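Following: one structure in structure tokens, then a few remarks.
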Amino acid sequence: MSLQTFLATGYTVILKPIILLLFAVAFVIFFWGIVESIRDSESDDGKAKGRRNMLWGILGMVIMISVFGIIKIITGTIGATNPNPPAAITPTVTAPI
């Protein structure tokens, strides 16, 4: 197994699902901030807490998007230009004729 294959497999199997999970968590936090802000619109503390959650959610999503960019930069630097799974772990779907 070459280094490029090893890195592509690690990215596809381990790193990418973790990044996507953290992105989903950040989106839920952002959405929960919207809900809190609307639900507690009478209270200044409730609105502030909702805004704070929205801010943290946006910050988390920006960080997760940045991680994808950093990975692209690193793979481009070491010469692994395409961090996609090798053909051995890519599911192939064949349509009946």
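Structure values in brief
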read-out: Eligible lysines near K16 by straight Cα distance, threshold 25 Å, same-chain separation 8 or greater; value: K72
read-out: Residues in the range 9-39 that a label on V67 would reach, taking backbone N under 20 Å of a point 7 Å out along Cα→Cβ; value: 9-32
read-out: Charge context of L7, other residues only, Cβ under 14 angstrom, K/R +1, D/E -1; value: +2
read-out: FRET efficiency, I34 to I74 (Cβ-Cβ, R0 30 Å, nearest 0.05); value: 0.30
read-out: Accessible surface, 1.4 Å probe, highest first, among residues K72, K49; value: K72, K49
read-out: Simple spin-label estimate for T9 and A24 in nanometres, 7 Å along Cα-Cβ; value: 2.5 nm
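The values are calculated or read from the model by the stated rules, or taken from the named source; none is laboratory data. Computed from a predicted model, the values in this text were never measured in an experiment. In this analysis, Cβ positions are derived from the backbone assuming ideal geometry, glycine residues included, and neighbour counts consider all displayed protein chains. Accessible surface areas use protein heavy atoms only, side chains included; no ligands, DNA or RNA. Shrake-Rupley method; radii C 1.70, N 1.55, O 1.52, S 1.80 Å.
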